[in-house]
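Okay, structure first, notes after.
The values are calculated or read from the model by the stated rules, or taken from the named source; none is laboratory data. On a predicted model such as this, the values are computed, not experimentally measured, just so you know. A quick note on method: Cβ atoms are made from the backbone with ideal geometry, for glycine too, and the neighbour counts reach across all protein chains shown. Surface accessibility is based on the protein's heavy atoms, side chains included, excluding ligands, DNA and RNA. Shrake-Rupley method; radii C 1.70, N 1.55, O 1.52, S 1.80 Å.
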Amino acid sequence: MASDRIWAAEVYVNAFRTGEASASVRAVEHLAPAVVLNTGKDEFKGIAAVARRITGIWASTPVYLHGAWSLPREENGLVKVGATLDNLGAAPTSIALTFSFNAEGKISHVQQDTVAAPPPLQTDTFPDFVRGIVNGALAAGSVMSVTYV
């Protein structure tokens with residue numbers, strides 16, 4: 001059976017990657033009152049601020065939803081989980097979340113490390129991910145406009 005820390009990380013990741021309000025409500029139950037989320041660029045302090053950040057659809061939420069997420073693992077009192085985000089255009093290539101816990105077993109700190117995608121290569125052909133988007137546009141109900149100069 002998974003530890004309470006593993007469960008807390010799984011619940012948080014579910015809210016983080018989906019943005020669903022119901023998942024965020026469950027995640028909040030596992031957050032310490034003074035929880036801190038550090039994204040590398042921004043820092044969010046307190047349950048309300050962290051809950052707002054993992055609730056709703058943000059620019060990267062669809063990217064996180066399609067990531068290949070690892071199972072959470074405990075290492076030296078921390079819980080770590082990550083995802084590879086391959087072939088998603090300009091999206092990051094990976095993300096790692098590291099969870100720290102207080103004495104009550106609540107998440108006290110979340111470190112979010114994101115690896116940016118390398119700059120795109122210039123090419124005279126469509127990259128495979130673009131080909132997939134174009135070829136699947138009708139089935140996905142996506143509107144397309146194509147121009148040529």
Note to self: Exactly one condition in (1) out of contact with any Leu (no Cβ under 8 Å at 6 or more places or on another chain); (2) closer than 20 Å to LEU65 by Cβ; (3) open to solvent by less than 20 Å² (accessible area, probe 1.4 Å) is false for TYR12; which is it?
What the structure shows: (1)
Next item on the list: Return the total of residues in region 83-100 being touching a helix residue (DSSP H, G or I) at 6+ places or on another chain (Cβ under 6 Å) and modelled with pLDDT of 95 or more.
Entry: 1
Notebook entry, point to check: Out of (1) in contact with a Pro (Cβ under 8 Å, 6 or more places away or on another chain); (2) closer than 20 Å to TRP7 by Cβ; (3) among the β-branched types (Val, Ile, Thr), the odd one out for VAL110 is which?
Noted result: (1)
Margin query: Step by step: first the residues of region 90-107, then only those that are open to solvent by 50 Å² or more (accessible area, probe 1.4 Å) and among the small types (Gly, Ala, Ser), then the one that is nearest to PRO62 (Cα to Cα). Which residue is that?
Written below: ALA90
Margin query: When the residues of region 17-48 are narrowed to those that are open to solvent by less than 20 Å² (accessible area, probe 1.4 Å) and not polar (S, T, N, Q), which ends up nearest to ALA91 (Cα to Cα)?
Written below: GLY19
Note to self: If LYS41 satisfies all but one of (1) without any contact (Cβ under 8 Å) to a residue 40 or more places away in the chain; (2) not in a loop (DSSP other than H, G, I, E, B), what's the number of the condition it fails?
What the structure shows: (2)
Next item on the list: Enumerate the pairs (first residue in region 57-82 and at pLDDT 95 or above; second residue anywhere and in a loop (DSSP other than H, G, I, E, B)) with beta-carbon separation below 6 Å, excluding pairs fewer than 6 apart on the same chain, so at least 6 apart or on different chains.
Entry: VAL79/PRO72; VAL81/SER70; VAL81/PRO72; GLY82/SER70
Check: Considering region 108-148 alone, what residues qualify as being in contact (Cβ under 8 Å) with a residue 12 or more places away in the chain, of a type in the set (Asp, Glu) and surrounded by fewer than 10 Cβ atoms within 10 Å (Cβ to Cβ)?
Finding: ASP128
Next item on the list: Report whether or not GLY77 is in contact with a strand residue (DSSP E or B) (Cβ under 6 Å, 6 or more places away or on another chain), under 23 Å from VAL36 (Cα atoms) and not aromatic (Phe, Trp, Tyr).
Entry: no
Notebook entry, point to check: Does region 56-66 include one or more residues that are part of a strand (DSSP E or B) and surrounded by 14 or more Cβ atoms within 10 Å (Cβ to Cβ)?
Noted result: no
Item checked: When residues of region 78-89 are limited to those that are open to solvent by less than 40 Å² (accessible area, probe 1.4 Å) and more than 12 Å from the chain's Cα centre (by Cα), the one nearest to ARG53 (Cα to Cα) -> VAL79
